[in-house]
1. Filter region 59-81 down to the residues that are modelled with pLDDT of 95 or more, of a type outside the set (A, V, I, L, M, F, W, C) and in contact with a Lys or Arg (Cβ under 9 Å, 6 or more places away or on another chain) and list them by number.
2. Do you know which residues across region 10-22 are within 15 Å of K62 (Cβ to Cβ) and open to solvent by less than 50 Å² (accessible area, probe 1.4 Å)?
3. Being part of a strand (DSSP E or B) and small (G, A, S) is the filter; apply it to region 1-58 and report the residue that is modelled with the lowest pLDDT.
4. Pull out all pairs, ordered by first then second residue, where Cβ-Cβ is under 8 Å, the residues are six or more apart or on different chains, the first lies in region 48-70 and is closer than 15 Å to R29 by Cα and free of Cβ contacts under 8 Å to residues at least 24 places away in the same chain, and the second is surrounded by 12 or more Cβ atoms within 10 Å (Cβ to Cβ) and of a type in the set (K, R).
5. What about R40, is it of a type outside the set (A, V, I, L, M, F, W, C) and over 10 Å from the mean Cα position of the chain (by Cα)?
6. Considering only residues that are open to solvent by 50 Å² or more (accessible area, probe 1.4 Å) and touching a Ser or Thr at 6+ places or on another chain (Cβ under 8 Å), which ones fall in region 49-75?
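The values are calculated or read from the model by the stated rules, or taken from the named source; none is laboratory data. For clarity, every value in this text was computed on a predicted model and none was experimentally measured. Using ideal geometry, Cβ is built from the backbone for each residue, glycine included, and neighbour counts are taken over all protein chains shown. With ligands, DNA and RNA removed, areas are computed over all heavy atoms of the protein, side chains included. Shrake-Rupley method; radii C 1.70, N 1.55, O 1.52, S 1.80 Å.
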Amino acid sequence: MEWTLNREEEGLVEWTRADGYATIRCRQRADGEWVVRLDRLYQAPDGSGYRRERVGNVDAAKRVAEAWRDEHDGETGDGGS
């Protein structure tokens, strides 16, 4: 399933899954590090889920987000978490 980059501004990047049931957000913390979070609604075909990871920079945050988009694409129904 496709993900759309729907928000990109200084200190914040967010993608939404095509079905609207999941988002991934990268945001910069006050200390300069980044937090990546996945939020999948309980109505999602692959079930609810929430993940959070703290990383050192925006490039690392985007790599985590890319891996999570691949992992939680919603196609298999078992995108687990």
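1. R69
2. Once the filter is applied, which keeps residues that are within 15 Å of K62 (Cβ to Cβ) and open to solvent by less than 50 Å² (accessible area, probe 1.4 Å), region 10-22 yields G11, L12, V13, E14, W15.
3. G49
4. R52/R37; E53/R37
5. When the stated conditions are applied, R40 does not pass them.
6. Residues satisfying the conditions are Y50, R51.
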